[in-house]
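**Q** Okay, handing you the structure first.
The values are calculated or read from the model by the stated rules, or taken from the named source; none is laboratory data. Here the structure is a predicted model, which is why all the values come from computation and not from measurement. Note that each Cβ is placed from the backbone with ideal geometry, even for glycine, and that neighbours are counted across all protein chains shown. Just the protein is used for accessible areas: all its heavy atoms, side chains included, with ligands, DNA and RNA removed. Shrake-Rupley method; radii C 1.70, N 1.55, O 1.52, S 1.80 Å.
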Amino acid sequence: MFRGFFNFLLFSSIYIACVALLMVWETEEIAGLSLDRGNYFGFVFFSTICSYNFHWYLTPGSEKYSERILWGQRRRRLQLMGCTIGLLGAAWYGLPLLHHWLPLSGAVLLTFLYSAPKVPHATFRWLKKIAVGKTIFLAFVWMYVTTLLPYLIADAAKLDFWQVALLCIYRFFIIYAICILFDHRDREEDRAEGIRSLITSLEEPHLDKLYYASLIVSAVCALVLAPALPLFVLFSLLAAVAVVWSVKNYAQTHHSDYVYYFQLDGLMALSALIHALWLLAGGI
C-alpha cells in the first residue's frame, strides 16, 4: 500500500511539482521578493503537473529500467486527467498574474517546446533533429521558472539585478549537472529515436569534465554571492553542489527510476530543503 502511494506521488508528477515549489520558495527567501505567492505558487504547481503528465503521456520510452514507463502505460487515463487538471489549475492561478503576460508566456512556450518533439505530427518531429541543446534547454526552463521568472514578476527585491543573475547562473549549472546524469542514462534510447544532443555526442572523459566544470561554476557563483547572503544560506547552496558532485558514480551505476526521479530530481531542491529545515529549527 505504501509503495503504491509512493509511486502515485512520484509518477503522477506531484513530487516534482513540490520540488518546483520548494525551489521557488527558496528564490523568494534568498532574493527577498515581494511576490504574489499564492497565485504564483499555484501556477507553478499545476503547470508542472500539466507539463510533466503531457510529456510522459507522449513518451513510449524503454522498459529496460523504467518503472515509471510501466506505471504510466497502465494509467494512461490518469496521465490525461493529470494534464487536464494541471492545465485548469494553471489557468485558474495564472489569470490573476496576466498583467505579467509577457514573462509568463515565455515560461509556457519554453515548457511546451521541450516536449514538442514528442508530439506525433510532422510539424514538431523535425525538432528532434535540432535538439542538440536539449539538456541546456531543460536546465534553462527550470532555472527560468524557479528563479528568474519570480524576480521578473515581483514588485520588489532585496537583491539587485546582478546578484539575482548570479543566483540564476548558480541554479542553472547545478540543474544542468543533474540533467547530464539523466541524459547519460538515456543516451542509447535518444540515439535510437534520432534525438541528437551534446550528451549523446561527447565521449566519457569530456562528459566528466563538463559535469564537474558545471558544478565548479555553480559553486563559484555561490561564493561570489556570499557578501549578500546569510552564512546558513551560503552553506545550503554549497552543500547541494557538494552532494551533486559526489553522486555521479552512483547514479551512473544505478539506473532505477527511484534513484533518478526521486533522489536526483530531489537534489534540485536540496539547498531549499536545508534552508527550510534551518529556519524551522529556529536558525540554531
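**Q** Which residue fluctuates most in the GNM of the chain (Cα springs below 10 Å): ALA20, ALA242, ALA272?
**A** ALA242
**Q** Under the 0.36 nm per residue contour assumption, what length would be gained going from the current alpha-carbon distance of ALA91 and GLN263 to full extension?
**A** 58.9 nm
**Q** Where Lys and Arg each count +1 and Asp and Glu each count -1, what net charge lies around PRO96 among other residues with Cβ under 14 Å from its Cβ?
**A** -1
**Q** Here is a further query. Answer with a single label: of (i) 1.08; (ii) 0.98; (iii) 1.65, which was calculated as Cα Rg over 2.2 N^0.38 Å from the structure in view?
**A** Checked against the structure: label (ii).
**Q** Quick check: with the 1.4 Å probe, what order do ILE169, ILE274 take by accessible area, largest first?
**A** So the residues, ranked largest to smallest area, are ILE169, ILE274.
**Q** Under the 0.36 nm per residue contour assumption, what length would be gained going from the current alpha-carbon distance of LEU273 and VAL243 to full extension?
**A** Taking LEU273 through VAL243 to full extension adds about 9.5 nm, to one decimal.
**Q** Can you work out the FRET efficiency for the pair ALA165 and LEU280, with r the C-beta to C-beta distance and R0 = 30 Å, to the nearest 0.05?
**A** E(calc), rounded to 0.05, equals 0.55.
**Q** Further question: Can you send over the solvent-accessible area of TRP142, 1.4 Å probe, protein chains only, in Å² to the nearest 10?
**A** Its accessible surface works out to 20 Å², give or take rounding.
**Q** If you don't mind, another one. Tell me the carbon and sulfur percent of the accessible area for the chain, rounded to whole percent, probe radius 1.4 Å.
**A** 71
**Q** Also: By how many nm would the segment from GLU67 to ALA213 grow when fully extended, if each residue of separation counts as 0.36 nm and the alpha-carbon distance is taken off?
**A** 49.4 nm
**Q** Still on this structure, please answer the following. Would you mind getting the accessible area per residue of the chain, heavy atoms of the protein chains only, 1.4 Å probe, in Å²?
**A** That works out to 49 Å² per residue.
**Q** Note down the net charge around SER12, summing +1 for each Lys or Arg and -1 for each Asp or Glu among other residues with Cβ under 11 Å from its Cβ.
**A** My count for the surroundings of SER12 gives +2.
**Q** Report the net charge of residues surrounding CYS168, where surrounding means a beta-carbon distance below 15 angstrom and charges are Lys +1, Arg +1, Asp -1, Glu -1.
**A** Charge balance in the 15 Å sphere: -2.
**Q** Probe radius 1.4 Å, ligands and nucleic acids left out: which of PHE46, PHE262 has the largest accessible area, and how do the rest follow?
**A** PHE262, PHE46
**Q** Report HIS99's accessible area, 1.4 Å probe, all protein chains in place, as a number in Å² to the nearest 10.
**A** Approximately 130 Å² for this residue.
**Q** Right, next: Calculated from DSSP H runs of 4 or more alone, at -39500 (n - 2.57) each and per residue, what is the 222 nm mean residue ellipticity of the chain, nearest 500?
**A** Helix-only estimate at 222 nm: -22500 deg cm²/dmol.
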